[in-house]
1. Could you tell me whether any residue of the stretch 34-48 is surrounded by 11 or more Cβ atoms within 10 Å (Cβ to Cβ) and either touching a Pro at 6+ places or on another chain (Cβ under 6 Å) or at negative phi (or both)?
2. Quick one: N98 ticks every box in (1) of a type outside the set (F, W, Y); (2) modelled with pLDDT under 90; (3) outside any loop (DSSP other than H, G, I, E, B) except a single one, so which number is it?
3. Being in contact with a helix residue (DSSP H, G or I) (Cβ under 9 Å, 6 or more places away or on another chain) and without any contact (Cβ under 8 Å) to a residue 60 or more places away in the chain narrows it down to one residue among T30, T13; which is it?
4. Q39 versus (1) in a loop (DSSP other than H, G, I, E, B); (2) within 43 Å of the chain's Cα centre (by Cα): which is the lone unmet condition?
5. Regarding the stretch 142-149, can at least one residue be identified that is within 30 Å of G37 (Cβ to Cβ) and exposed (fewer than 14 other Cβ atoms within 10 Å of the Cβ)?
6. So is L85 under 30 Å from R126 (Cα atoms), without any contact (Cβ under 8 Å) to a residue 24 or more places away in the chain, touching a Leu at 6+ places or on another chain (Cβ under 9 Å) and not aromatic (F, W, Y) or not?
7. Condition check: more than 24 Å from the chain's Cα centre (by Cα) and either of a type in the set (V, I, T) or surrounded by fewer than 18 Cβ atoms within 10 Å (Cβ to Cβ) (or both). Does I130 satisfy that?
8. Across the stretch 12-26, what is the number of residues that are more than 43 Å from the chain's Cα centre (by Cα) and either assigned to a loop (DSSP other than H, G, I, E, B) or of a type in the set (S, T, Y) (or both)?
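The values are calculated or read from the model by the stated rules, or taken from the named source; none is laboratory data. None of these values were measured; they are calculated from a predicted model. A quick note on method: Cβ atoms are made from the backbone with ideal geometry, for glycine too, and the neighbour counts reach across all protein chains shown.
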Amino acid sequence: MKLHSLKPAKGSTHKEKRLGRGEASGKGGTSTKGNKGGQSRAGYKSKKAHEGGQMPIQRRLPKRGFKNINKVEYNVFNLGKIDQLAEKYNLTEISPENLYINGLVNQKALIKILATGELKGKYSFRVNAISQKAKSAIESAGGTVEILK
């Protein structure tokens, strides 16, 4: 096989329709656009979500609920998973920087620690939020907790 002998697979390429190039082409005259109306004219553009005069779906459906613009999203880590993460990624400090370096969170993530599970190791935590139960469990295991602003 040589480069000059390569061809596309049979049936994979098609000739371009050449509209408005005379009656003999079969696509002359109105150029397949019909006789009159906006769609046959130059510059026609349909509006987004326009359904030909029928009430659009976004207006037919009811509105539900609301989006709280003050909601704070945290990436949650449970105490039961901390030992596994520390062993896998060789961590002694749980902080946004360390978690980002290891690809566990994005750079602007807020970290929250919850108390589900048991903590076996002694770790220092620098996090944005922590539950009271988790804080007492970390300190009883010999770890430290620092809350970031």
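1. Yes, there is a match, as at least one residue in the stretch 34-48 is surrounded by 11 or more Cβ atoms within 10 Å (Cβ to Cβ) and either touching a Pro at 6+ places or on another chain (Cβ under 6 Å) or at negative phi (or both).
2. (2)
3. T30
4. That leaves (1) as the condition not met.
5. No, the conditions are met nowhere in the stretch 142-149.
6. yes
7. It is true that I130 is more than 24 Å from the chain's Cα centre (by Cα) and either of a type in the set (V, I, T) or surrounded by fewer than 18 Cβ atoms within 10 Å (Cβ to Cβ) (or both).
8. Number satisfying all stated conditions: 5.
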